[in-house]
Ligand code: PDD
């Protein structure tokens, strides 16, 4: 089924949606994005995603396409038009399309930002087969730039990371810098040892995951112990269990790291519990 997508103020069939070849998102990866999940036709953690979008724009001195309030209406319209019950809404804002290629930023007065949104229909997002099986992870060097807190569309290295993992027979990669795990290619990374949930502290080294914030809050509310600090792959191999979080996969159990099976090689009890709590609580506050 052809989707209706949003491009610069218009709702169009996907085949009719067009962006200039001079768009800086296309030429320079000069753009930021957000991915918001949809459950029961409603948006999950929407306020967090718009807040982070505004921060990404501010950090890059980029103008927003519209008020953050208007974004909710656009998201809802696309969810309705495309009859999404479970899935994702992808949003991208770029520095727009000047009339030539130039490293210098264009004047925002004459070059307005570009904004594109589209939906992805994923009927089994909450009940995915992968979440029941758990992921196998390998580690690779983190070769990304040093402003990973900004959600830019520079996704070539994360994309290569996933391909390296797939070629190695794994599902995804964790990125390692100075001997410590930063995060996954498109998710935040956690290990569990004893009763402790360990995940890297917030800094410019990782994306400040919206799912991470919610999951850590729910974990603390459930009296679980959370330690926000770096960990190494050696520590991960000794962990009782592990998992990742993201808007596109919620809490995803990890069953193997660099060829070492964790626990009995099935999703661990804490990851499973946190996934249940996250889904239950997020559905309640979805808008
Ligand atoms: N990725 N770290 C990285 C590098 C990510 O790309 C993402 C999200 C996360 C998790 O953030 P959040 O919980 O806000 O989704 C962490 C999205 C889903 C993507 O690129 O598709």
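Below are the figures for this structure:
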item: Ranking of 174, 145 by count of other Cβ atoms within 10 Å, fewest first; result: 145, 174
item: Relative contact order for region 186-236, counting Cα pairs under 8 Å that sit 6 or more residues apart, in percent; result: 43 percent
item: Antiparallel content of DSSP bridges confined to the chain, in %, to 5; result: 80 percent
item: Computed FRET value (nearest 0.05) for residue 103 with residue 217, which takes r as the C-beta separation and R₀ as 51 Å; result: 0.80
item: Separation between Cα centres of region 168-194 and region 221-278, rounded to whole Å; result: 10 Å
item: The chain: angle of helix 210-221 to the longest principal axis, Cα-based, in degrees nearest 10; result: 40 degrees
item: Cβ crowding within 10 Å averaged over residues, with 221-228, 252-259, 70-77 ranked highest first; result: 252-259, 70-77, 221-228
item: Cα long-axis angle, helix 46-59 against the chain (0 to 90 degrees, to the nearest 10); result: 70 degrees
item: Gap separating the Cα centres of region 1-38 and region 109-139, nearest whole Å; result: 15 Å
item: Exposure proxy order (Cβ contacts within 10 Å, fewest to most) of 139, 20; result: 20, 139
item: Fraction in percent of alpha-carbon pairs per bin - 5 Å, the chain; result: 1, 5, 12, 15, 17, 17, 14, 9, 6, 3, 1, 0
item: Additional length obtainable on full extension of the chain from residue 286 to residue 19, 0.36 nm per residue less Cα span; result: 93.0 nm
item: Within the chain, helix-based [θ] at 222 nm, where runs of 4 or more DSSP H residues each add -39,500 (n - 2.57), nearest 500; result: -8500 deg cm²/dmol
item: Volume per residue of the C-alpha convex hull in region 129-285, rounded to whole Å³; result: 106 Å³
item: Full-extension gain in nm, residue 147 to residue 63, via 0.36 nm per residue minus C-alpha separation; result: 28.4 nm
item: Förster-model FRET efficiency, 41 Å R0, residue 130 and residue 10, C-beta, rounded to 0.05; result: 0.70
item: Taking region 4-121 and dividing mean pair separation by its residue count, relative contact order in percent (alpha carbons under 8 Å, at least six apart); result: 36 percent
item: Antiparallel %, DSSP beta bridges [both residues in region 129-285], to 5; result: 60 percent
item: Tilt relative to the chain, helix 269-285 - C-alpha long axis, 0 to 90 degrees, to 10; result: 30 degrees
item: Relative contact order for the chain, counting Cα pairs under 8 Å that sit 6 or more residues apart, in percent; result: 19 percent
item: Spherically averaged projected area in nm², based on the convex hull that wraps the Cα atoms of region 4-121; result: 7.0 nm²
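Every number here is computed from the coordinates shown, using simple stated rules; none is lab data. Predicted model, so just to flag it, every value in this text is computed and none were measured. All Cβ positions, even for glycine, are placed from backbone atoms using ideal geometry, and neighbour counts span all protein chains on display.
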